Amino acid sequence: MKQLVINAFGGPEQLQLVEAEHPPLASHQVRLKMRYAGVNPIDAKTRAGLGWGAEAIKDRLPWSPGFEVMGEVLEVGSEVCRFLPGDRAFGLVAGGAYGEELVVNCDDLMPLPDEVADDMAGGLALAGTTAWQGLTTHGGLQPGERVLISAAAGGVGHLAVQLARDVGATVVALASATNHDFVKGLGADEVVDYHDKAAVQDIAPVDLLLDLVGGTSGEMLLSQVKPNGRVVTVPTITAPQVIAAAEQKGLRATGMLKENQHEHLAMLADAVAEGRLKVEVSRVFDLADGAEAHRQIETGHTRGKVLLRG
Ligand SMILES: NC(=O)c1ccc[n+]([C@@H]2O[C@H](COP(=O)([O-])OP(=O)(O)OC[C@H]3O[C@@H](n4cnc5c(N)ncnc54)[C@H](OP(=O)(O)O)[C@@H]3O)[C@@H](O)[C@H]2O)c1
């Protein structure tokens, strides 16, 4: 079977399509034929040798990226009863989604309702879990509160806008002017171009900032948070910097790492099935074009999700 791997950290050209062995199946695992794998900034950062992801795999190269997947069950281990061959499933995996086939712990996968299209499910698990946990588990968002979401047109942001609206919050979204109609269409109440510093400073104070950009952008947006307001800064590499600046202003701030929670995956799939949540799939690349997919995600201006097709 074909798999995209890196043998060394570096640029997108490090991604090589190779012929790999079919991975052995343990009794608690499912063999999945990948139909779609989400491409996320963490994939590109790890490929480049940056952050905790690269630290974790540096002694285990070659490595195949890919932390979210949708596919069809081909085979189940002897202890697995939840799935049957032919079932559609999606979920978060510990790397390796960039391949035609992968084995996944049964507990890491969720069955897919018929109403959810394959491609939407391929981009749902990682970005959706991050958006939901950032807003609620870490951010404590309540109905009637004002939430400011940066990078609102991106993979996590476009789902966060819809989920925050669904909670009953007033959503203030930051995006480039070309994305304003898109973000309004997702349900944002106010949309501001983050390039326009005066317009950003005019945003009425919010209860919660969901910072999806981090660094100096995250720090600048702290002025728009109410006294005693909350901040969740999602990019891990700059989280200490944003948290320290927030605490100096007396704000409650936290970083986060998304967790694999069954109930959250089930809620996200139901929300898509019921039409309350839509995954915007802006580009789909073949596995052989993985390097192009990484170049796209590294522009920092992807609308919605980029996927690889199995
Ligand atoms: N901690 C975790 O568990 C976790 C999980 C998932 C993601 N993350 C991190 O969260 C971040 C967002 O992920 P993502 O998948 O949503 O990324 P993404 O899809 O690549 O985000 C693209 C968006 O970023 C916007 N953007 C770029 N620069 C901006 C700026 N200075 N101010 C405001 N918006 C800006 C772009 O907006 P325009 O095109 O409108 O300009 C674009 O819509 C990444 O750093 C990622 O690594 C962390």
Fill in: Qualifying positions in region 142-170 - more than 8 Å from the ligand (Cβ to nearest atom) and open to solvent by 10 Å² or more (accessible area, probe 1.4 Å)
Gln142, Pro143, Gly144, Glu145, Arg146, Gln162, Arg165, Asp166, Val167, Gly168, Thr170
Item to complete: Being outside any helix (DSSP H, G or I) and either more than 19 Å from the chain's Cα centre (by Cα) or more than 18 Å from Val225 (Cβ to Cβ) (or both) is the filter here, so list the residues in region 151-170 that pass it.
Response: Ala153, Gly154, Gly168, Ala169, Thr170
Worksheet entry | Exclusive hit being more than 16 Å from the ligand (Cβ to nearest atom), of a type in the set (A, V, I, L, M, F, W, C), open to solvent by 30 Å² or more (accessible area, probe 1.4 Å) and not in a loop (DSSP other than H, G, I, E, B), set Val18, Val73, Val5, Val30 | Val18
Discussion item. Tell me whether region 79-94 contains one or more residues that are out of contact with any His (no Cβ under 6 Å at 6 or more places or on another chain), within 27 Å of Leu210 (Cβ to Cβ), at pLDDT below 95 and part of a loop (DSSP other than H, G, I, E, B).
Written reply: yes
Worksheet entry | Which numbered condition Leu222 misses (of (1) farther than 29 Å from Met120 by Cα; (2) open to solvent by less than 40 Å² (accessible area, probe 1.4 Å); (3) in a loop (DSSP other than H, G, I, E, B)) | (3)
Worksheet item: Of these, Leu221, Leu135, Leu212, Leu208, which one is within 22 Å of Asp270 (Cβ to Cβ) and not charged (D, E, K, R)?
Response: Leu135
Discussion item. Residues that are of a type in the set (Phe, Trp, Tyr), outside any strand (DSSP E or B) and touching a residue at least 60 places away in the same chain (Cβ under 8 Å): does region 193-203 have at least one?
Written reply: no
Fill in: Flag for Arg276 being more than 16 Å from the ligand (Cβ to nearest atom) and among the basic types (Lys, Arg)
yes
Response to the item:
In region 171-218, anything small (Gly, Ala, Ser), surrounded by fewer than 23 Cβ atoms within 10 Å (Cβ to Cβ) and under 22 Å from the mean Cα position of the chain (by Cα) is listed as Ser176, Gly185, Gly187, Gly214, Gly215, Ser217
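Determine whether Gly229 is within 22 Å of Gln133 (Cβ to Cβ), open to solvent by less than 10 Å² (accessible area, probe 1.4 Å) and either more than 10 Å from the ligand (Cβ to nearest atom) or assigned by TED's automatic domain parsing to the domain that holds Gly134 (or both). Full working, then the answer.
On the way: within 22 Å of Gln133 (Cβ to Cβ): yes; open to solvent by less than 10 Å² (accessible area, probe 1.4 Å): yes; either more than 10 Å from the ligand (Cβ to nearest atom) or assigned by TED's automatic domain parsing to the domain that holds Gly134 (or both): yes.
In short, yes.
Considering each residue of region 38-52, count those that are outside any loop (DSSP other than H, G, I, E, B) and open to solvent by 10 Å² or more (accessible area, probe 1.4 Å), and give that number. Walk me through it before giving the result.
Narrowing region 38-52 to residues outside any loop (DSSP other than H, G, I, E, B): 38-39, 41-47, 51-52.
From what's left, open to solvent by 10 Å² or more (accessible area, probe 1.4 Å): 41-42, 45, 51-52.
Counting residues in region 38-52 that are outside any loop (DSSP other than H, G, I, E, B) and open to solvent by 10 Å² or more (accessible area, probe 1.4 Å) gives 5.
Could you check region 246-263 and list, in sequence order, the residues that are over 25 Å from Val206 (Cα atoms) and either open to solvent by less than 20 Å² (accessible area, probe 1.4 Å) or assigned to a helix (DSSP H, G or I) (or both)?
Looking only at region 246-263, we keep the residues that are over 25 Å from Val206 (Cα atoms), and these are 259-263.
Those that are over 25 Å from Val206 (Cα atoms) and either open to solvent by less than 20 Å² (accessible area, probe 1.4 Å) or assigned to a helix (DSSP H, G or I) (or both): His262, Glu263.
Residues that are surrounded by 15 or more Cβ atoms within 10 Å (Cβ to Cβ), among the polar types (S, T, N, Q), within 14 Å of the ligand (Cβ to nearest atom) and not in a helix (DSSP H, G or I): does region 279-287 have at least one? Please lay out each step first, then the result.
First pass over region 279-287, keeping only residues surrounded by 15 or more Cβ atoms within 10 Å (Cβ to Cβ): 279-285, 287.
Still in the running and among the polar types (S, T, N, Q): 282.
From what's left, within 14 Å of the ligand (Cβ to nearest atom): 282.
Remaining after also requiring not in a helix (DSSP H, G or I): 282.
Yes, there is a match, as at least one residue in region 279-287 is surrounded by 15 or more Cβ atoms within 10 Å (Cβ to Cβ), among the polar types (S, T, N, Q), within 14 Å of the ligand (Cβ to nearest atom) and not in a helix (DSSP H, G or I).
Residues checked against (1) assigned by TED's automatic domain parsing to the domain that holds Leu17; (2) touching a residue at least 40 places away in the same chain (Cβ under 8 Å); (3) touching a strand residue (DSSP E or B) at 6+ places or on another chain (Cβ under 8 Å):
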{"residue": "Gly250", "(1), (2), (3)": "no, no, yes"}
{"residue": "Gln261", "(1), (2), (3)": "no, yes, no"}
{"residue": "Ala269", "(1), (2), (3)": "no, yes, yes"}
{"residue": "Ala273", "(1), (2), (3)": "no, yes, no"}
{"residue": "Arg283", "(1), (2), (3)": "yes, no, yes"}
{"residue": "Asp286", "(1), (2), (3)": "yes, no, yes"}
{"residue": "Gly290", "(1), (2), (3)": "yes, yes, yes"}
{"residue": "Arg295", "(1), (2), (3)": "yes, yes, no"}
{"residue": "Glu298", "(1), (2), (3)": "yes, yes, no"}
Item to complete: Just name the residue that is most open to solvent (accessible area, probe 1.4 Å) out of those in region 53-68 that are part of a helix (DSSP H, G or I) and within 19 Å of Asn260 (Cβ to Cβ).
Response: Ala56
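The values are calculated or read from the model by the stated rules, or taken from the named source; none is laboratory data. Because the structure is predicted, anything quoted here is derived from the model rather than measured. All Cβ positions, even for glycine, are placed from backbone atoms using ideal geometry, and neighbour counts span all protein chains on display. Calculation scope for accessible area: heavy atoms of the full protein, side chains included, ligands and nucleic acids excluded. Shrake-Rupley method; radii C 1.70, N 1.55, O 1.52, S 1.80 Å.
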